[in-house]
Amino acid sequence: MSRNDQSATGSVSVDVSAADQEFGRTTRGFFVGGAGDLAVTMKEGNNQTFAGVAAGTVLPIQATAALNTGTTATNVVALF
């Protein structure tokens with residue numbers, strides 16, 4: 001099976017309301033249930049904020065953490 005044919009193998013609800021969430025592995029993406037900004041640490045180690053993410057969006061990004069500072073989106077789910 002090629003890398004592009006692989007589907008996500010699991011998900012974890014991410015609560016960044018009180019603290020950053022480090023995953024210990026790289027995500028395949030995030031589902032954003034409630035509109036807002038999503039701040040993450042990308043696989044390469046840089047911090048990135050995705051501004052104005054609409055509710056119901058799936059962001060196909062590789063990240064190692066979701067960050068409290070800069071995140072206003074709610075009901076965020078990390079996909080692995």
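Values quoted throughout were computed directly from the atomic coordinates according to the rules given, and no laboratory measurement underlies them. Treat the numbers as computed from the prediction; the structure is a model and nothing was measured. Heads up, the Cβs are rebuilt from the backbone with ideal geometry, glycines too, and the neighbour counts pull from every protein chain shown.
At q = 0.12, 0.17 Å⁻¹, what is the log10 ratio I(q)/I(0) for the chain, with the Debye formula run over Cα points and no solvent? Calculated log10 I(q)/I(0) at the listed q: -0.29, -0.58.
Between Thr57 and Asn75, the simple label model (points 7 Å from Cα in the Cβ direction) yields a spacing of 1.6 nm. Extension gain, Asn46-Asp20: 0.36 nm per intervening residue step, less the Cα-Cα distance, totals 7.9 nm.
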